[in-house]
Amino acid sequence: MTAARLRSLDVARCIAIVMMVLAHVRDGLISTEGNAHWLARLHDWTRGLTAPLFFIVSGWAFAAATVPRWPSFQVWGPGLRARTERIVTLFVVGKLLTLPWWHPGFPVDVPADVWVPFTASGVLECIALAMAVAHGLALLKLTPRTFAAVMLALTVAAVGLAAPVQAATAGWPLLLRGPFNTDGAGGGFALFPNGGYFWLGVAVGALWVTKPWSSATTLGLGAAAKLVALAVGGGGALFLSRGGWALLLLGALQLAVPAGAAMPKVELVARRAFTFYVVHMVALWGVPFVPGLVFLVQKSFSVFGVLGATAAILGGTAAALLAVDRWSPERGAAAVTR
C-alpha cells in the first residue's frame, strides 16, 4: 500500500473541511434574511453529510495508518506515543475551545446553562474517544479482518445502544455524561451514535488495507447502506442513509482521482484538518480578551458575506500551511505522515 492510493481520502477530507467551516460560519454569522436565501436552503440539503463524511474518512485513514504497522502500535514506542499524544491533544483542545471565556462572569460566575457546550462532547472530543476505543481494541493483536468485524459490530452497537446509553447516564454529572449525552448542546457529538461513523470508517479501511478494491465496491457499499436505510426505521435509518451518502461520495472520488496522482499540497491540507478546525473556531469565537466574528458582527451577514468569510478563513489557513511547508519541508512532511 502506498500513500498515493489514499489520494481520494485526502480530497474527501478537504471537501469535509470546506463543508465544516461553511456550516459553522453560517450558523454564527448569517442574518435571518440571509438564512431565507435559496442558496442557504440548498445548503440545508448537504449539512447532514458533513460530520459522517469527516468521521468515516478519519476512521479509514486511521486504519490505513495503523493496520500495516500493527507491531509498532502494540508496544510502547514512538508510534504508540505519537498516537496517544494525538488523542489527548484532540480531547483537551476540544474542551478548551468550548470554555465560556467570553461570559463576563468567567470563570467563577457563569450560569450553569452557559457551561452546557463545555460539558457536551464536540467533534474533537468524539473523534478522540472513538480513536481511543479503536486503538484499545487494536492492542488485542487481532487479525485485520477480525479487527474490521469487531469495528463493524461496534458500529451497530453505537446506533442500537444510543437511546439506552442516553437513559442510563441521565443521572450522571454533566461533565461525565457529556460523551454520551445526545441532547447536551446544539452541535454536540455523543459517542453513541456518532462514534459509529468513525468505527465504520475503521472497519471499511481495515478491510481495504488487506485487499484494496475498486471504486465500484465502495459505491456498492454506499448503495447497499442506502437500500438498508429504507428498510429500517428510527436512528438506524438516518445513520445508514448519511453513511451511505458518504460512501457514495468516497466511491465517486476513488473513480475520479487517479490512484497514483501526485497531490502533495492536497495531502498537506488534508492532514491538517485539526489546524483548520482550531483556526476557524478561534476566528468565529475569539480567544480571551479578543472577541471573534460572532461577537463583532453577530448575525448580520448575507449569504455572500458567509461565503466570503468562509473563503477567507479557508484560504488564509491553507496559505499559511503551504508557506510553512515551503519554508520547512521537513515540518510539512511530519505533519503529513503523523
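The values are calculated or read from the model by the stated rules, or taken from the named source; none is laboratory data. What you see is a predicted model, and the numbers here were worked out from it, not measured in a lab. Glycine gets a Cβ as well: all are built from the backbone with ideal geometry, and neighbour counts include every protein chain shown. Protein only, heavy atoms only, side chains kept; ligands, DNA and RNA dropped before computing areas. Shrake-Rupley method; radii C 1.70, N 1.55, O 1.52, S 1.80 Å.
Tally up the residues in the range 224-241 that are hydrophobic (A, V, I, L, M, F, W, C) and either within 20 Å of Ala16 (Cα to Cα) or open to solvent by less than 40 Å² (accessible area, probe 1.4 Å) (or both), please.
Result for the range 224-241: 6.
For residues in the range 190-217 being among the small types (Gly, Ala, Ser) and in contact with a helix residue (DSSP H, G or I) (Cβ under 6 Å, 6 or more places away or on another chain), which is surrounded by the most Cβ atoms within 10 Å (Cβ to Cβ)?
Gly201
Only residues that are within 30 Å of Arg69 (Cα to Cα) and open to solvent by less than 30 Å² (accessible area, probe 1.4 Å): list them for the range 158-189, please.
Ala158, Pro179
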Task: Some residue of the range 190-204 being among the hydroxyl-bearing types (Ser, Thr, Tyr), under 23 Å from Phe62 (Cβ atoms) and within 17 Å of the chain's Cα centre (by Cα) - done: yes
Task: Within the range 30-46, considering residues that are over 12 Å from Phe304 (Cβ atoms) and assigned to a loop (DSSP other than H, G, I, E, B), the one most open to solvent (accessible area, probe 1.4 Å) - done: Trp45
TODO: Please enumerate the residues belonging to the range 119-149 that are part of a helix (DSSP H, G or I) and without any contact (Cβ under 8 Å) to a residue 40 or more places away in the chain.
DONE: Gly136, Leu137, Thr146
Open item on the list: Given the condition part of a helix (DSSP H, G or I), without any contact (Cβ under 8 Å) to a residue 40 or more places away in the chain and among the β-branched types (Val, Ile, Thr), answer yes or no: does some residue in the range 20-27 qualify?
Closed with: no
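From the list Leu321, Leu314, which residue is without any contact (Cβ under 8 Å) to a residue 60 or more places away in the chain and under 19 Å from Val11 (Cα atoms)?
Exactly one of Leu321, Leu314 is without any contact (Cβ under 8 Å) to a residue 60 or more places away in the chain and under 19 Å from Val11 (Cα atoms), namely Leu321.
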Task: Selected residue (criterion: most open to solvent (accessible area, probe 1.4 Å)) from residues of the range 82-137 that are touching a helix residue (DSSP H, G or I) at 6+ places or on another chain (Cβ under 6 Å) and among the small types (Gly, Ala, Ser) - done: Ala132
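Out of curiosity, is Ala157 hydrophobic (A, V, I, L, M, F, W, C), outside any helix (DSSP H, G or I) and without any contact (Cβ under 8 Å) to a residue 40 or more places away in the chain?
Numbers: hydrophobic (A, V, I, L, M, F, W, C): yes; outside any helix (DSSP H, G or I): no; without any contact (Cβ under 8 Å) to a residue 40 or more places away in the chain: yes.
Against the criterion (hydrophobic (A, V, I, L, M, F, W, C), outside any helix (DSSP H, G or I) and without any contact (Cβ under 8 Å) to a residue 40 or more places away in the chain), Ala157 does not qualify.
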- [ ] Considering only residues that are at pLDDT below 95 and among the charged types (D, E, K, R), look in the range 227-270 and name the one that is nearest to the chain's Cα centre (by Cα).
- [x] Glu267
- [ ] Would you mind stating whether Val67 is of a type in the set (A, V, I, L, M), over 23 Å from Pro117 (Cβ atoms) and open to solvent by less than 30 Å² (accessible area, probe 1.4 Å)?
- [x] yes
